[in-house]
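Have a look at the structure below, then the notes.
The values are calculated or read from the model by the stated rules, or taken from the named source; none is laboratory data. Values in this document were obtained by computation on a predicted structure and should not be read as measured data. Because the Cβ atoms are built from the backbone with ideal geometry, glycine has one as well, and the counts that use them run over all protein chains shown. What goes into the accessible areas is simple: the full protein's heavy atoms, side chains included, and nothing from ligands, DNA or RNA. Shrake-Rupley method; radii C 1.70, N 1.55, O 1.52, S 1.80 Å.
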Amino acid sequence: MDNSQHNRLVAFIWSIADDCLRDVYVRGKYRDVILPMTVLRRLDALLEPTKKAVLEAQKEQKKENYEDPQGLEDASGFQFYNTSQYTLKSLHASAVNDRQALLRDFEEYLNGFSENVREIIDKFKLRAQIRHMAAKDVLLSVLEKFTSAYINLTPFEVEDPDGHFLPALTNLGMGYVFEELIRKFNEENNEEAGEHFTPREVIDLMTHLIFEPIRDQLPPNMVIYDPACGSGGMLTESENFIKDPEGEIRYEGAVYLYGKEINDETYAICKSDMMIKGNNAKNIANGSTLAEKPFPGIFFDFMLSNPPYGKSWSSEVDHIKSGKDIIDRRFIVPLPNYWGESEEVPATPRTSDGQLLFLMEMVKRMKALTPKTIGSRIASVHNGSSLFTGDAGGGESNIRRYIIENDLLDAIIQLPNNLFYNTGITTYIWLLSNNKPAGRKGKVFLIDASQRFSKLRKNLGAKNCELRPEHIREILDAYHGFTEVERENADALAAQVFDNQDFGYYKVTIERPQRLKAQFTGERIAPLRFDRKFREVMEWAWNEWQDGIYEADFLEQQGGKLVEWCEENGERLGKKQKNQLLKQETWQKPKRLWEQADRMREMVGETEYNDFNAFQSEVNRRLKAEKMKWSAAEKKAILGAVSWYDAEAEKVIAKEKKISGDQLEELLLRLGCREKDLPDFGYYPGSKSGTFITYETASDLRDTENVPLKEEIHAYFRHEVQPHVAEAWIDLEKTKIGYEISFNKYFYQHTPLRELDEVEAEIRELERLSDGLIGEILGGAL
């Protein structure tokens, strides 16, 4: 079905809504009637020719007192049937001016369908709509429109009363009709346009990419899967492509189609078309692919999908994670850490975008490569975020890393913008295989086809361009060629071959030493009087009542004022927080801490130390001499209050320890360096032979560097970091491995700036034209 036929059909169906439902439904609710009635009429029209045979088969079964659904399916010629005496046409023809009688007959007609169709009717909630239309007396007019001989909703070509042939409506065409109707309904109601149906030319490209390279190695029977199947377009078009008797492959084996769809409407569309085509409709499941694993134990030869992108999976989180733990094994992958030790890590992206979860679902459903199998091939559509979002060690990066390091990523093709009906964003086809040809192993092929398109004469939603057959062939030729393609001009295709490692990097932590000055003063230790959580209100109370805040009856007498002050100053306290604020321990504990700090201030004095090491030694000496005991937390709080970073201060020593013999050899082996290079990794020569000093790190000065996997970290540090920060060192223990793919970097096209003379000439011409226009306006006014 071409665009003009598509538009005529959409316009006809839309006119049904406009003519019959205008005063009965708000425009955004037209879809509740039009979508299910379109599917119902599609099924009904197919059953019309065999209606008599089905009724006769049912009559025979009743005579013999048995029920045989298979016999009724055989009589209908499809996987579904209707045993009522009615069709939609006969309902309309026999209707009288009695809305209750029409409703009764219509419900009898619906109840006569086989169970699989009744499920579709229930998913659409069609019975409620039938009752509503009957009550508003528009059911008969809707029936009249849908049974018109000038509309063809079947997958077969038919002739209208005027002798014109009405083209067949394929499963894919049905999906596009629904996409356009949904878009129009939602635009009328100022709602979002919904999911992104995949343009037929993109599916065409994907099917070629999936099947064409192994056309001579196809298994005798194959299983195809789409975990976000929508109306089933990718599944049916895949089968059509390989089964076409006049096509390129002409596959003669059995094809089994599997899919899962969360949206009830599109699931109903998909299931109905599977039944029409004779596929096993039980292989189409309704529900969330992410919340529960569909078709357990089944692995697939080929998988194609356009999963939802930019869509939250928050509602499925509890099925995948329990706190920080991943409970769904599909989304856990084994990856080696920097030291080569295998670890199980999460393969879950941020909850705001679940598209990579669908990719992982497909990856985990790939058939293992054996002497008797060819493995699996995947084609999946994604937006740009799948290429680069997520930091090293994060879920998105882990997914990319797992796919690339296991040599599953074959190619990525960048498509033109505005190719999809409901989004203008940049999209990409990811092509995966666990059976790459020898020449492609360890490689990834990137193709930039973003400029290969033809403009449409009329936009279809956001879609303003298309891939023509020559564009698809050009992309396929580039893919098969597997060689670099230089961009000949701004509108040309470009392609590059990369090693798997080219996309990986080490995220290396660069540390710098802590340098602290320290001094005990009354001003510095004053904040220790107050609990951190309630510092502002406690400080206000101190200024109001001084030491009175520690008296036994203070909280009892002034507690109300404290709570009132919090509310007036925007600090809303919950019940638990109020109770904690009004406890004596909340006020006495920080007081004791301040008293300890103040006592030490009296002993040490208020001398400013430029060497925190000496300052800390003096504090420790005083603690020991006075037999004072500070807990680790108290010591950290007090010393933190009286010290501050200063670039001119001495480095703060963490420890000095002896490292020699086997221990030293093990350290050098782990770091991959010589003894003289140990300072580059944070180990500095100590005061005695064989000892090494490590320094406290200044967390505020901590930095990271992304080092390409093909570069050696230490060498990178020497020429990129050390010349600028001489005292920095590498903390290899924090090193993480990440992967990202930057199309913009690889295929960036520099556009040179125009010459100044050209810009100046253009400005002068614009000034001349604007002066002329102003003169005409003023002249006309005069």
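Since only 613, 334, 485 are under comparison, the one whose Cα sits farthest along the positive direction of the charge dipole of the chain, derived from C-beta charges on Lys, Arg, Asp and Glu, is 613. Between residue 494 and 448, the built amide H atoms are under 5 Å apart, and every one of these is 5 or more places off in sequence or on another chain. Taking the inverse of the mean 1/r over every pair of distinct Cα atoms in the stretch 397-458 gives a Kirkwood hydrodynamic radius of 13.4 Å. Computed over the chain, the per-residue total of -39500 (n - 2.57) for DSSP H runs of n ≥ 4 gives a 222 nm mean residue ellipticity of -13000 deg cm²/dmol, rounded to 500. Counting only Cα atoms, the size of the stretch 564-711 along its three principal axes is 64, 46, 31 Å, in decreasing order. Of the peptides 515-527, 644-656, the order by per-residue mean of other Cβ atoms within 10 Å, starting with the highest, comes out as 515-527, 644-656.
Cross-link pairs exceeding 25 Å between alpha carbons, from the set 145/282; 324/736; 123/293; 627/657; 591/636: 145/282; 627/657. How big is the gap, in Å, between the Cα center of the stretch 569-628 and the Cα center of the stretch 655-669? Rounded to whole Å, the Cα centres lie 38 Å apart. Here the stretch 1-120 is treated with +1 on each Lys and Arg Cβ and -1 on each Asp and Glu Cβ, and its dipole about the Cα centre works out to around 460 debye.
Roughly to the nearest percent, how much of the accessible area of the stretch 238-291 is carbon and sulfur, given a 1.4 Å probe? List each step's numbers first, then the result.
Details: 880 of 2100 Å².
Carbon and sulfur: 42 percent of the exposed surface of the stretch 238-291.
Largest accessible area first, the listed residues 276, 763 line up as 763, 276 when surface is computed with a 1.4 Å probe on the assembled protein chains. About its Cα centre, the dipole of the stretch 455-574 is roughly 500 debye, where the only charges are +1 on Lys and Arg Cβ and -1 on Asp and Glu Cβ. Using the Stokes-Einstein relation with a Kirkwood hydrodynamic radius computed over Cα pairs, the translational diffusion coefficient of the stretch 196-349 at 25 °C and a viscosity of 0.890 mPa s comes to 142 µm²/s. Annotation: residue 607 carries an accessible surface of approximately 80 Å², with a 1.4 Å probe and no ligand, DNA or RNA atoms counted.
Positive-end ranking of 224, 534, 370 along the dipole of the chain, with charges on Cβ about the Cα centre, is headed by 534. Average accessible surface for the chain: 50 Å² per residue, computed with a 1.4 Å probe over protein heavy atoms with every protein chain in place. Close Lys pairs in the stretch 333-470 (alpha-carbon distance under 30 Å; sequence gap of 8 or more, or different chains): 11.
Dipole check for the chain: with +1 at the C-beta of Lys and Arg, -1 at the C-beta of Asp and Glu, and the Cα centre as origin, the magnitude is about 2340 Debye.
If you count the DSSP beta bridges with both ends in the chain, what percent of them are antiparallel, to the nearest 5? For the chain, the DSSP antiparallel bridge percentage is about 75.
Placing 102, 55 in order of accessible area, with the largest value first and a 1.4 Å probe, yields 55, 102. Coupling constants for the stretch 700-706 follow from the phi torsions by the Karplus curve (6.51 cos²θ - 1.76 cosθ + 1.60, θ = phi - 60°), and in residue order they are 5, 9, 5, 9, 10, 10, 8 Hz; glycine and proline get x. The listed residues 452, 468 rank as 468, 452 when sorted by accessible area, largest first, using a 1.4 Å probe. Rounded to the nearest 10 degrees, the angle from helix 233-243 to the longest Cα principal axis of the chain is 60 degrees.
Couplings 3J(HN,Hα) for the stretch 485-500, derived from phi with the Karplus relation 6.51 cos²θ - 1.76 cosθ + 1.60 (θ = phi - 60°), are 10, 6, 6, 7, 8, 4, 9, 8, 7, 9, 8, 9, 9, 10, 6, 3 Hz, where x marks Gly and Pro. Surface composition of the stretch 511-629: carbon and sulfur make up 42 percent of the accessible area, probe 1.4 Å. Computed from the alpha carbon positions, the gyration tensor of the stretch 1-126 leads to an equivalent ellipsoid with semi-axes of 30, 18, 13 Å, biggest first. I'd like to know which of 281, 258, 298 lies farthest towards the positive end of the charge dipole of the stretch 251-300, counting +1 on Cβ of Lys and Arg and -1 on Cβ of Asp and Glu. Checking the options against the dipole of the stretch 251-300, the answer is 298. Extent of the stretch 676-739 along its three principal axes (Cα atoms, max minus min coordinate, largest first): 43, 26, 23 Å. Of interest is the spacing of the C-alpha centroids, which for the stretch 139-161 and the stretch 306-354 amounts to 48 Å.
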